[in-house]
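Worksheet for the structure shown next.
Quick note: the coordinates plus some simple rules give every number you see, no bench work behind them. It should be emphasised that the depicted structure is a prediction, and the values quoted were computed from it without experimental measurement. Please note: Cβ atoms are built from the backbone with ideal geometry, for glycine as well, and neighbour counts cover all protein chains shown.
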Amino acid sequence: MKEIIIPKNLKLKLFLCLGVIFSIFASVAYLLIPQGLEQLIDHKVIVIKMIVKLGLLFVTNLLFNFISSFLLLTYAEGQIRESRYDSALKLLKTDVSFLETSLSGELSSRIINDTEVVRQFLSEVIPSAISSVILIFLTFIVLLRLDIGLSICIFCGLLLMVAFLTPLSAVSRKYAKKKQSHLNSLSGYLTEIFQSINLIKLNQGYNKIKKQYNQKLLNTSESSFKYSLVDSFIGPIVYVVLFIVLGFIFAYGGYRVSEGSLTVGTLIAFLIYLFQLLTPFSNIGQFANQFAKTKQYVSVISSYRNLPDEDEGSIDVDNNEFLSLEFKNIGFSYGDHDVLHNINFKINKGDKLAFIGPSGSGKTTIINLILKLYKPIHGKILFNEQQNLRTISTDSWRKKISFIAQDFESLSGTIYENLTFGLDSLPNDETIKEALRKVNLLEDIEKFEQGWHTLVGEKGSKLSGGQKQRLQLARGFLKEADIFIFDEATSNLDSISESIVLSSVERYLSEKTVIFITHRLATIKNVDKIFFIEDGYIAEKGTHEYLLSHYQKYKLYLSKQLGNTRL
């Protein structure tokens with residue numbers, strides 16, 4: 001909680017301190033107004049002079065409040081901006097295993113919506129609580145100087161209000177937490193279903209989604225209703241207690257005025273001070289309520305900001321030529337579930353390899369280890385026979401790899417922005433055209449009205465399957481990667497699109513290292529070596545022809561994948 005309240009930035013610290021100081025000045029000006037009214041009512045001063053003085057006090061109070069609000073809002077917005085910035089970037093840098101177990105929509109909701117609650121706490125609740133404590137302290141000093149007996153009555157009455165409201169506030173916090181939790185869950189769910197709209201439509205999932213969405217709405221509505229109901233119950237109780245306190249003070253004060261031990265002006269000043277104290281006491285009560293609620297949100301945001309970075313490494317290999325990558329006795333597991341066992345193989349520069357095998361056998365895990373998305377539990381991965389991959393800078397290592405996925409990996413934006421995404425320097429137009437020619441995509445893009453400045457749409461919806469894969473391959477050419485990894489990249493393509501992609505690979509990547517995860521015969525029959533993965537082991541390895549003649553499981557696997565196609 002401390003890290004979100006106390007800024008690290010010196011400028012924001014200054015804004016916070018000055019904001020609190022001006023809030024105190026505003027409270028003092030506000031505190032002097034009832035005394036002026038008392039003197040005016042009891043005719044202790046010249047009327048015109050007192051009216052001018054009261055006017056100046058009102059103006060001073062408004063001016064100091066405005067300056068305080070400006071400073072504290074600047075502080076709060078700065079803190080929230082830094083919190084959102086740090087949280088999002090930390091999530092991008094953390095281990096992928098955390099992201100795989102979290103809903104992207106819920107993470108977004110936490111960063112945006114939860115920090116908005118924190119922003120309100122920083123900009124409104126904390127300043128109000130500080131000025132309220134000061135105002136209450138100064139007010140009671142003034143009241144005790146005016147009349148001790150009436151001061152004690154007011155103090156007891158306000159304590160009575162606090163005693164009634166404290167347990168109710170605890171109940172309110174409980175339902176506020178449930179309400180926010182359901183809202184975050186609903187936000188994450190909506191994001192998920194909108195991202196999976198084609199899956200829902202093509203699998204007639206509307207009724208199932210309708211039922212699930214309705215249940216989540218009911219849960220959210222129920223928690224929101226209970227929260228609002230408690231809040232609506234608190235209001236009348238406050239008014240009842242306030243009426244009792246005011247009634248008692250009016251009765252006691254009236255009695256004192258009638259017997260001559262208290263002036264009318266003093267009684268009115270007391271009543272004004274009483275009304276002035278209601279807001280500060282309410283602010284302090286709200287502070288306790290908001291602090292508990294905000295603490296829950298801060299703990300989540302802080303957990304994001306304190307996530308460990310993925311295994312970075314420190315050795316820069318930008319200028320090191322890729323010669324080989326070797327897996328030595330690699331084992332990997334997800335929790336208690338072993339995925340890979342004693343994996344050994346070596347990839348040399350220029351090799352064309354394929355990993356195939358049943359679903360869940362461990363192929364994608366091997367690729368994720370190469371990409372440093374995962375780190376091995378046992379064994380080590382050697383770069384150029386010397387350096388452990390874990391010691392190598394992740395950024396410099398990934399610059400050497402171009403990953404072409406089955407599903408088009410894109411950001412919302414133009415074709416140009418997706419082509420050049422992540423490049424250290426932007427290529428010139430001719431270099432881009434050359435990359436597009438290599439994958440037979442330049443003519444397709446030139447047919448678009450805006451050329452490569454055409455928006456690709458969400459997940460590349462404005463591009464065909466073949467265009468998406470060729471665009472990813474062109475991005476790899478612009479990256480000048482040493483290793484190209486194709487993860488089922490041609491599995492959804494027709495034979496013509498697949499042929500275009502494979503001919504580009506054969507023609508332009510002859511000196512590059514190329515790794516396939518695939519079951520497509522057109523892809524694997526021409527690679528140098530195939531690794532057949534089964535149950536986390538390399539069951540067999542060799543060329544396509546060798547495996548067909550020497551390993552029956554390979555032949556059966558391809559037969560199932562290809563149907564009646566002749567091998």
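Seen from LYS328, the other residues with C-beta closer than 13 Å to its C-beta sum to a net charge of +1, counting Lys and Arg as +1 and Asp and Glu as -1.
For the chain, the Cα-based Rg and Dmax, in that order, read 34.8, 117 Å. Between amide H atoms placed 1.01 Å from N, distances below 5 Å from THR513 occur with GLY350, PHE484, all of them 5 or more places distant or on a separate chain.
Between GLU192 and ILE377, take the C-beta separation as r, use R0 = 51 Å, and let me know the FRET efficiency to the nearest 0.05.
About 0.95, to the nearest 0.05.
Between helix 465-479 and the chain there is an angle of about 90 degrees, using the helix long axis and the longest principal axis of the Cα atoms. Simple rule: put +1 on each Lys or Arg Cβ and -1 on each Asp or Glu Cβ in the chain, find the dipole, and look at ILE515, GLN387, GLN406; the Cα lying farthest toward the positive end is GLN406.
Only the Cβ atoms of Lys and Arg (+1) and of Asp and Glu (-1) were treated as charged; on that basis the dipole of segment 469-530 about its Cα centre amounts to roughly 40 debye.
The ranking of ILE111, ILE315, ILE496 by Cβ neighbour count inside 10 Å, starting from the fewest, reads ILE496, ILE315, ILE111.
Under a no-solvent Debye model with one identical scatterer per Cα of segment 411-471, what's log10 I(q)/I(0) at q = 0.26, 0.27 Å⁻¹? Those come out to -1.27, -1.36, one per q.
Modelled this way, with points 7 Å down the Cα-to-C-beta line, the labels at ASP535 and ILE244 are 7.5 nm from one another. Derived scalar couplings between HN and Hα for segment 215-230 equal 5, 5, 5, 4, 4, 5, 5, 5, 5, 5, 5, 5, 4, 5, 5, 4 Hz in order, rounded to whole Hz, by the Karplus curve 6.51 cos²θ - 1.76 cosθ + 1.60 (θ = phi - 60°), x for Gly and Pro. In the chain, helices alone account for a calculated mean residue ellipticity at 222 nm of -21000 deg cm²/dmol, with every DSSP H run of four or more residues adding -39,500 (n - 2.57). In sequence order, segment 450-459 has phi-based couplings of 9, x, 7, 9, 6, 6, 7, x, 5, 6 Hz under the Karplus curve 6.51 cos²θ - 1.76 cosθ + 1.60, θ = phi - 60°, and Gly or Pro positions carry x. In sequence order, segment 245-262 has phi-based couplings of 4, 5, x, 5, 5, 4, 5, 5, x, x, 4, 5, 5, 5, 8, x, 8, 8 Hz under the Karplus curve 6.51 cos²θ - 1.76 cosθ + 1.60, θ = phi - 60°, and Gly or Pro positions carry x. Near the amide H of ASP535, within less than 5 Å, lie no amide hydrogens of residues on another chain or at least 5 residues away, with H placed in the peptide plane. Scaled against 2.2 N^0.38 Å for its residue count N, the alpha carbon radius of gyration of segment 356-463 is 1.36. Stretching LEU548 away from ASN319 to a fully extended chain increases their span by 78.4 nm, per 0.36 nm per residue minus the current alpha-carbon distance. Near THR454, the amide H atoms lying under 5 Å from its own belong to ILE415, TYR416; only residues 5 or more places off or on other chains count, and H is placed 1.01 Å from N. Treating r as the C-beta distance of GLU82 and ILE284 and R0 as 25 Å, the FRET efficiency rounds to 0.35. Along its three principal directions, the equivalent ellipsoid of segment 427-527 from the Cα gyration tensor extends over semi-axes of 23, 16, 11 Å, largest first. For TYR206 and VAL28, a Förster radius of 56 Å and the Cβ-Cβ distance give a FRET efficiency of 0.35, rounded to the nearest 0.05. Cβ crowding within 10 Å, taken as a proxy for footprinting-reagent exposure, orders GLU192, GLU446, GLU511 from fewest neighbours to most as GLU511, GLU446, GLU192. Taking a point 7 Å from the Cα of SER108 along the Cα-to-Cβ direction, the residues of segment 439-462 with backbone N closer than 16 Å to it are 457-461.
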